[in-house]
Amino acid sequence: MNPQGLQVTTPTDTTIVLTRTFNAPRRLVWEAMTTPDKMRRWMLPPPGWTIAVCECDARVAGTLRLVWHGAEAGQSMALHGVFTEAITHERMTHTEVMLLRTGEPIGSQVETHEFSDKGGVTTMRITQVYVSKEVRDCAVASGACPGMEEGFKQLDELLAQSV
Amino acid sequence: MVLDRSSRLDLVFHALAHPARRAIIRQLSGGERNLSELASPLKMTFPAATKHVRVLERARLVRRRIAGREHLCRLHAGPLKEATLWTEQFRKNWEARFEALDALLEEMKTEERTRARCR
């Protein structure tokens, strides 16, 4: 069976669900997703960026820490998270905050990964929960800033009314 | 003022972090507005609104021109695009990452089979 491509759905106002299958037992998928030297192999950074730090301790209260460096001096982005749930090979939940070089947060979410397998094929379901519909829409639109997408929609409605 | 690209990015993200400044950007996306037009829907004083506009100006998201007694502001979208590029690239990369993960998993399966045979 060929792995099924990435499916993205938005079942509620504040969530995004990503589903993907992998041609491997869930034990291996879990290992690839939680072991830092393996994470570095597939967590490709944006073009021109490198992974400077990659730490992952997939246990309750364990932390997740990623730092990326850009090609230009001083360019840096980070992701910090804490695991709130970890059932080995089955299910894990962690918080996630994206941080600027200055430490200022620019977005946060809670992410749950669920793994099930059948006949050596693993289905992974990632549920991302955002703080608001506004932020979730921004993540879906990928290119709109926090508040922008929703804002432009409101503006459109406002303009339509005032005509 | 000369700033490296990352500091400019910091200014833009900082500017966008405040709801009042996002509201100003929303208003300006409809066209040029003067300062009192920007201040009134925010239910804030004129000086408070002016302060927010200055933060947006520093991030080069807003440009201001003076016409008689009026200060007219307009949106400058260039820095906004730069700021969103990173997160955009990060998120759009998901499928590419999962393909890299597919390749890694194949390797891991092969390693396991090799180990099992050696035992």
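Okay, residues lined up against (1) over 22 Å from B:Leu105 (Cβ atoms); (2) open to solvent by less than 30 Å² (accessible area, probe 1.4 Å):
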site	(1), (2)
A:Asp13	yes, no
A:Val17	no, yes
A:Leu28	no, yes
A:Thr35	no, no
Which count do you get for residues in the stretch A:36-65 that are part of a loop (DSSP other than H, G, I, E, B) and within 27 Å of A:Lys118 (Cα to Cα)?
5
Within the stretch B:75-89, does at least one residue satisfy the condition of being in the same structural domain as B:Leu11 (by TED's automatic domain parsing) and modelled with pLDDT of 85 or more?
yes
Note on A:Met33: of the conditions (1) of a type outside the set (D, E, K, R); (2) within 11 Å of another protein chain (Cβ to nearest Cβ); (3) within 24 Å of A:Ala86 (Cβ to Cβ); (4) assigned to a loop (DSSP other than H, G, I, E, B), unmet is (4)
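Of A:Arg20, A:Arg26, which residue is touching a residue at least 60 places away in the same chain (Cβ under 8 Å), of a type outside the set (Val, Ile, Thr), touching an Asp or Glu at 6+ places or on another chain (Cβ under 9 Å) and more than 7 Å from chain B (Cβ to nearest Cβ)? Working first, answer last.
Details: A:Arg20 fails: more than 7 Å from chain B (Cβ to nearest Cβ).
Step by step, each of A:Arg20, A:Arg26 is checked, and only A:Arg26 is touching a residue at least 60 places away in the same chain (Cβ under 8 Å), of a type outside the set (Val, Ile, Thr), touching an Asp or Glu at 6+ places or on another chain (Cβ under 9 Å) and more than 7 Å from chain B (Cβ to nearest Cβ).
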When A:Ala78 is evaluated against the numbered criteria (1) closer than 16 Å to B:Phe98 by Cα; (2) open to solvent by less than 30 Å² (accessible area, probe 1.4 Å), which criterion, by number, is the only one it fails?
(1)
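For the stretch A:38-56, give me each residue that is free of Cβ contacts under 8 Å to residues at least 12 places away in the same chain and either open to solvent by 10 Å² or more (accessible area, probe 1.4 Å) or not assigned by TED's automatic domain parsing to the domain that holds A:Met92 (or both).
Within the stretch A:38-56, the first condition is being free of Cβ contacts under 8 Å to residues at least 12 places away in the same chain, and the residues that meet it are A:38, A:41-42, A:44, A:47.
Hits for the stretch A:38-56 are A:Lys38, A:Arg41, A:Leu44, A:Pro47.
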Taking B:Val55 and the conditions (1) open to solvent by 40 Å² or more (accessible area, probe 1.4 Å); (2) among the β-branched types (Val, Ile, Thr); (3) under 14 Å from B:Val12 (Cα atoms), which numbered condition does it fall short on, given that it satisfies the others?
(1)
Which one is farthest from B:Asn34 (Cα to Cα) among residues in the stretch B:60-78 that are open to solvent by 100 Å² or more (accessible area, probe 1.4 Å), outside any loop (DSSP other than H, G, I, E, B) and basic (Lys, Arg)?
B:Arg63
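Right, A:His89: at pLDDT below 95, more than 13 Å from chain B (Cβ to nearest Cβ) and in contact with a strand residue (DSSP E or B) (Cβ under 7 Å, 6 or more places away or on another chain) or not?
Working: at pLDDT below 95: no; more than 13 Å from chain B (Cβ to nearest Cβ): yes; in contact with a strand residue (DSSP E or B) (Cβ under 7 Å, 6 or more places away or on another chain): yes.
For A:His89, the condition - at pLDDT below 95, more than 13 Å from chain B (Cβ to nearest Cβ) and in contact with a strand residue (DSSP E or B) (Cβ under 7 Å, 6 or more places away or on another chain) - is not met.
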Test A:Leu79 against the stated conditions and say whether it is in contact with a strand residue (DSSP E or B) (Cβ under 6 Å, 6 or more places away or on another chain) and aliphatic (A, V, I, L, M).
yes
Conditions (1) on the phi > 0 side of the Ramachandran plot; (2) away from chain B (no Cβ under 11 Å); (3) touching a Ser or Thr at 6+ places or on another chain (Cβ under 6 Å): number failed by A:Gly74
(2)
Could you tell me which residue of the stretch B:90-119 is modelled with the lowest pLDDT, considering only residues that are basic (Lys, Arg) and within 28 Å of the chain's Cα centre (by Cα)?
B:Arg91
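Within the group A:Val82, A:Val67, which residue is away from chain B (no Cβ under 14 Å) and in contact with a Ser or Thr (Cβ under 8 Å, 6 or more places away or on another chain)? Don't jump to the end; show me each part of the working.
On the way: A:Val67 fails: away from chain B (no Cβ under 14 Å).
After applying the criteria, what remains is A:Val82.
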Quick test of your reading of the structure: B:Ala23 fulfils all but one of (1) open to solvent by 40 Å² or more (accessible area, probe 1.4 Å); (2) assigned to a helix (DSSP H, G or I); (3) at pLDDT below 90. Name the failing condition by number.
(1)
Residue count, the stretch A:89-115, condition open to solvent by 20 Å² or more (accessible area, probe 1.4 Å), touching a helix residue (DSSP H, G or I) at 6+ places or on another chain (Cβ under 7 Å) and in contact (Cβ under 8 Å) with a residue 24 or more places away in the chain, comes to 4
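The values are calculated or read from the model by the stated rules, or taken from the named source; none is laboratory data. Please read these numbers as outputs of a predicted model, since none were measured by experiment. All Cβ positions, glycine included, derive from the backbone under ideal geometry; neighbour counts span all protein chains shown. For the accessible areas, the whole protein counts, side chains as well, though only heavy atoms, and no ligand, DNA or RNA atoms are used. Shrake-Rupley method; radii C 1.70, N 1.55, O 1.52, S 1.80 Å.
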